[in-house]
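The values are calculated or read from the model by the stated rules, or taken from the named source; none is laboratory data. For clarity, every value in this text was computed on a predicted model and none was experimentally measured. When we count neighbours, we look across all protein chains shown, and the Cβ atoms used for this are built from the backbone with ideal geometry, even at glycine. Side chains included, ligands, DNA and RNA excluded: accessible areas come from the protein's heavy atoms. Shrake-Rupley method; radii C 1.70, N 1.55, O 1.52, S 1.80 Å.
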Amino acid sequence: MRVLVYFLLVGLIACSNNYQVSTINYKNLTKSQTFTLTSTCGDKVIAIKIEGYGNSTGSSVIHLMLNGEAYKSETLDGEFKFKWSGDWYSEKAIIRYIANSDSITNLTLSYRMECV
């Protein structure tokens, strides 16, 4: 029985990176920027989940990029919250924030890359 419990625990620990959520806070964004989200499990990524929330004084835009093109987009104006998810097969995800000339944005991004 102890051996079975041991192998179950080792399996859970080995798989824990598959479910690790990373959170990044960006304060007082006033200029357009690009952020890179990275996986903790290398190139074995099969899906991505991103949640963003915060507030913006102007109408800025955020994009999840895929092959150099905007794949998913949200307008950030006032209090905002968004969720993106889907298949993903790269150990990196590029987020492009496009500031409006009068916008100040506080943004929190939480993401998880699911791995095999």
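Probing with 1.4 Å while keeping every protein chain in the model, the per residue accessible area of segment 25-116 equals 54 Å². Taking Cβ atoms as reference points and 15 Å as the exclusive limit, the residues near residue 102 contribute a net charge of 0, counting Lys and Arg as +1 and Asp and Glu as -1.
Applying the criteria of a DSSP loop state and at most 16 other Cβ atoms within 10 Å to the GluC sites (Glu not before Pro) of segment 63-102 yields 91.
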